[in-house]
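K.L.:
Following this message is one structure expressed as structure tokens.
The values are calculated or read from the model by the stated rules, or taken from the named source; none is laboratory data. The shown structure was predicted, so the numbers you read here are calculated from the model rather than taken from an experiment. Every residue, glycine as well, gets a Cβ built from its backbone with ideal geometry; the counts of neighbours run over all protein chains shown.
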């Protein structure tokens, strides 16, 4: 019984306080370093990769991004009035737009 | 421990702007003593967390997951908005389209430019020949590209397509793409692919095809001397909206106009709307985390007689509160950091393409996004407010109540 008690005393939590504090400090230091690097990266990161995009936007006079696939309403904002069809829409491209088919003929 | 300065001492009587070396030394010693007195408490807090490894790891992982999901949504929304504004700052101030009852129609190029230039405030005016045509894998945006478009670095990078040739965006080509591209609009075109735009331009030209203006006219059925629409530049951003009535009056046909600000605003609202769905789903997660934190810390306090023992040993209420604060910070700070690092990597990794699949309806090849990092700090602040502060409140609330209780009650309960 005494032997057990002495074992317990040897493993009393206080004897690991040194290790615990080291672990805690390391975790916090790591977190702070990551946070600092995150802030550093977000403030210093250059937008060099966007230069070519900017040139292309300027050269072609683009006012839309490729975030959304072609043909979707959001791709070319402002062009899609619900009351207006897109003449150059590929779906409409195969429909004759002269309106002749819309006129009722006598045989109909 | 507080260092007391005797009343009436010389240091007190000194003017405010005079630095007293003795007082400064006392202050420094006081700070060092405070740090030394808190250090064992910090070590004890870490050791106490080790006593409940399952709960500690569960809390950490839950918080990392929550911060990652919310952080990704916030960062993506911020990044897409700022990137859209950044890229479109070089776009035309106003785009003018001619409309008629059947749709938007081609406008006479020279006449349109002459009329637009006549409006006070217009610096430059030009025309574009473009449209949407069916490609082998779906709709593609086709632009007429000639010598007048070759400005800046584009002169070196993009070859000028001749009749029957095309330069395509990174999303148009794939492993099985043949050298010949078939486009279907008002007419059918067969074009030979001579070059591919760099993946870096995916944000604006992923599914774009650059062709000779003559080919573009033929594809969309636009007569010689006509163009798809008109682009107008003004000196200052705010002038764009002011000249819209004048611009619409000057043309003898009905027009529809969109300003740069409106175009950028549409992308910003689209990304915010999509990210908003994540915010809605995250609210129950935040509440669940707060409840879990509250129950875990309350359980640790109530089930053990630690608080009673500590107080019996002479710990003050402040000591107990400090220990709980340390415990919350030791879990919370690394968890928030880890979550932010993961979400930052997901969003800002160069060429990340998953948002295209998830949010914008791309199927096969999604554009590689190169996003602007400004606004990331704001997202971090929002996460601190939305997740870290509720976490801290849920962690400290049980100990606040326990720390002011009578220690005998805790010892009796055991």
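K.L.:
Restricted to segment A:65-86, and to residues that are facing chain B (nearest Cβ under 7 Å) and within 15 Å of residue B:94 (Cα to Cα), which residue is modelled with the highest pLDDT?
P.N.:
Among those that are facing chain B (nearest Cβ under 7 Å) and within 15 Å of residue B:94 (Cα to Cα), it is A:77.
K.L.:
Is one or more of the residues making up segment B:316-325 assigned to a helix (DSSP H, G or I), more than 10 Å from chain A (Cβ to nearest Cβ) and modelled with pLDDT of 85 or more?
P.N.:
yes
K.L.:
All but one of (1) within 11 Å of chain A (Cβ to nearest Cβ); (2) in contact with a helix residue (DSSP H, G or I) (Cβ under 8 Å, 6 or more places away or on another chain); (3) in a helix (DSSP H, G or I) hold for residue B:96, so report the exception by its number.
P.N.:
Result: residue B:96 passes all but (3).
Per-residue answers, yes or no, for (1) in the same structural domain as residue B:331 (by TED's automatic domain parsing); (2) more than 25 Å from the chain's Cα centre (by Cα); (3) modelled with pLDDT of 85 or more:
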| residue | (1), (2), (3) |
| --- | --- |
| B:58 | yes, yes, yes |
| B:61 | yes, no, yes |
| B:64 | yes, no, yes |
| B:77 | yes, no, no |
| B:80 | yes, no, no |
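K.L.:
Against the condition surrounded by fewer than 20 Cβ atoms within 10 Å (Cβ to Cβ), at pLDDT below 90 and more than 24 Å from residue B:343 (Cα to Cα), how does residue B:195 come out, does it pass?
P.N.:
It is true that residue B:195 is surrounded by fewer than 20 Cβ atoms within 10 Å (Cβ to Cβ), at pLDDT below 90 and more than 24 Å from residue B:343 (Cα to Cα).
K.L.:
Of the residues in segment B:107-129, how many are buried (at least 21 other Cβ atoms within 10 Å of the Cβ) and within 8 Å of chain A (Cβ to nearest Cβ)?
P.N.:
Total meeting the criteria: 1.
K.L.:
Please tell me if residue B:81 is closer than 30 Å to residue B:276 by Cα, in a helix (DSSP H, G or I) and within 12 Å of another protein chain (Cβ to nearest Cβ).
P.N.:
yes
K.L.:
Could I ask something else about it? Say whether the condition of being under 15 Å from the mean Cα position of the chain (by Cα), touching a residue at least 60 places away in the same chain (Cβ under 8 Å), within 24 Å of residue B:199 (Cα to Cα) and at the interface with chain A (Cβ under 9 Å from one of its Cβ atoms) is met by at least one residue in segment B:336-348.
P.N.:
yes
K.L.:
Follow-up question, since we're still on this one. List the number of the failed condition for residue B:237; all other conditions in (1) surrounded by fewer than 16 Cβ atoms within 10 Å (Cβ to Cβ); (2) out of contact with any strand residue (DSSP E or B) (no Cβ under 9 Å at 6 or more places or on another chain); (3) more than 30 Å from residue B:182 (Cβ to Cβ) hold.
P.N.:
Here residue B:237 clears every test but (2).
K.L.:
Let me ask something else about it. Please enumerate the residues belonging to segment B:251-269 that are in contact (Cβ under 8 Å) with a residue 24 or more places away in the chain and assigned to a helix (DSSP H, G or I).
P.N.:
Correct list: B:260, B:261, B:263, B:264, B:267, B:268.
K.L.:
Additional query: Name the single residue, out of those in segment B:354-393 being surrounded by fewer than 17 Cβ atoms within 10 Å (Cβ to Cβ) and under 30 Å from residue B:169 (Cβ atoms), that is modelled with the highest pLDDT.
P.N.:
Within segment B:354-393, the match that is modelled with the highest pLDDT is B:354.
K.L.:
In this structure, is residue B:54 under 40 Å from the mean Cα position of the chain (by Cα), in a helix (DSSP H, G or I) and either outside the structural domain of residue B:283 (by TED's automatic domain parsing) or modelled with pLDDT under 80 (or both)?
P.N.:
Spelling it out, it is not the case that residue B:54 is under 40 Å from the mean Cα position of the chain (by Cα), in a helix (DSSP H, G or I) and either outside the structural domain of residue B:283 (by TED's automatic domain parsing) or modelled with pLDDT under 80 (or both).
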